[in-house]
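This report refers to the structure that appears directly beneath it.
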Amino acid sequence: MKLSRPALALALSASLLLSACSGSEDPDESTDPTSSSADDGVSTDDSASATGGDDASTTGDTGVSTGDAGEATSAPGDAAQTTDDGKITAPAEGAGVISVEEAEEIAATLMRQAGDSQNADPEEAAELNEKTFVGSELRAAEAATALREVGIDPIIDYHPTNPNVLAISREDGESPAFIVVQSVPESGLPELHLLVSEDDGETWKIGWSAPMLAGTEVPTFDPRSEGSPVLREGKGDLNWSPSQVVDQLFVILDFPFAEDRPDFRTNDYGPQVRKAAEQQAAEVADQATLTQEHDLRTGTLRTIELADGSAITFPVLRRTSTFDVKSGTYLEAPAAFAHLSGEDVINNSAKMTTDVFLAVHIKTEGDPVVIAAREQVVRSDGS
């Protein structure tokens, strides 16, 4: 029995899953708004704009950036001191690990290389992948390059024109350092990218990317020149720690599914994953049993604080989908599975490993919200 085309679309590119996201929720998930607009202050520059206030942000529908402009305004009652001419003289909270100008130049170069890698021949793409990506993003790019040979296009669309630097991590003497970038493809939802440096800002590569989910927003970061704090351990003032968030994602996504799920808004991502897994399990039920487990990729619990004290975490989960074939039956592997595994027929067991890139807004009060999601199969094995 062949894997169904809808399930194949989910497993190998996630285009079915993400294009179906509409912001609606099933009855078991919270429907609290992800953010609210605010009118109490705006600061802008040529490259990015920021709206002051609680959860002020840009919608994923329009693609308008929420990157801080590097010059923050102070609301009445703040501790900032002023001179007679009204200029704010309060010291900066800190400094970004690199300058805004450097970050913009780095983002432009990496996004251009990333876009080129998707259209290059395999040999050139391999070189661009090594120059441009790191960690899970490199593994996903290499798999996507291989799958292009059998007509499977990746969900991500690295748009090289006018990438917007939303945040630069604050200098704290520790590594890695981060730059958060937003790009807006001509077709599709805005995408978020996390640029990573392991050497104090000397060398940068793209370490995480995902399209924003429909109806979601990115709240305001601290001024880019001052840098955004990186939450390297614990939970600070957050209602949930990043590790608690990941544990709850396991509960939401593992199959067979738990009867009780946490209050955790996924903007329809969770329901779509559950629907696809249930459909796939039903379609192969006579031939095989499906299980789906998740764990956290090492070194991917990266969390950057926002101006209001909340934070965005950018984990990469590893999904292992296992098809245990029943005695006396078999599964015919689809072309993409066969391309990665070298197996055309599965008589015993098949496993697909998928990297799941998520961005989750963790609040100081209230439940977490998934604001971006992407899936990329990176390995297939069968016998």
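Odds and ends about this structure:
- Using a probe of 1.4 Å on the protein chains alone, the accessible area found for residue 159 is around 30 Å².
- Separation of alpha-carbon centers, region 314-383 and region 199-221, rounded to whole Å: 23
- Assigned charges on the beta-carbon of Lys, Arg, Asp, Glu; region 255-383 dipole about Cα centre (debye): 280
- By accessible area with a 1.4 Å probe, ligands and nucleic acids excluded, highest first: order of 131, 326: 131, 326
- Once backbone amide H atoms are built at 1.01 Å from N, residue 133 has 206 as its partners under 5 Å, excluding neighbours fewer than 5 places away on the same chain.
- Solvent-accessible area of residue 297 with every protein chain in place, 1.4 Å probe, in Å² to the nearest 10: 30
- Based on the reciprocal of the average 1/r between different C-alpha atoms, the Kirkwood radius for region 164-272 equals 16.2 Å.
- Karplus 3J(HN,Hα) series, Hz, for region 336-352 with 6.51 cos²θ - 1.76 cosθ + 1.60 (x for Gly, Pro): 5, 4, 4, 5, 7, 9, x, 10, 8, 10, 10, 9, 10, 7, 10, 10, 10
- Computed over the Cα atoms of region 100-382, pair by distinct pair, the Kirkwood hydrodynamic radius stands at 19.8 angstrom.
- Cα gyration tensor shape for region 295-338, rounded if a/c is under 1.5, else prolate or oblate: prolate
The values are calculated or read from the model by the stated rules, or taken from the named source; none is laboratory data. Keep in mind that what you see is a predicted model, and the values were worked out from it rather than measured. Because the Cβ atoms are built from the backbone with ideal geometry, glycine has one as well, and the counts that use them run over all protein chains shown. In case anyone asks, the SASA skips ligands and DNA or RNA and just uses the protein heavy atoms, side chains included. Shrake-Rupley method; radii C 1.70, N 1.55, O 1.52, S 1.80 Å.
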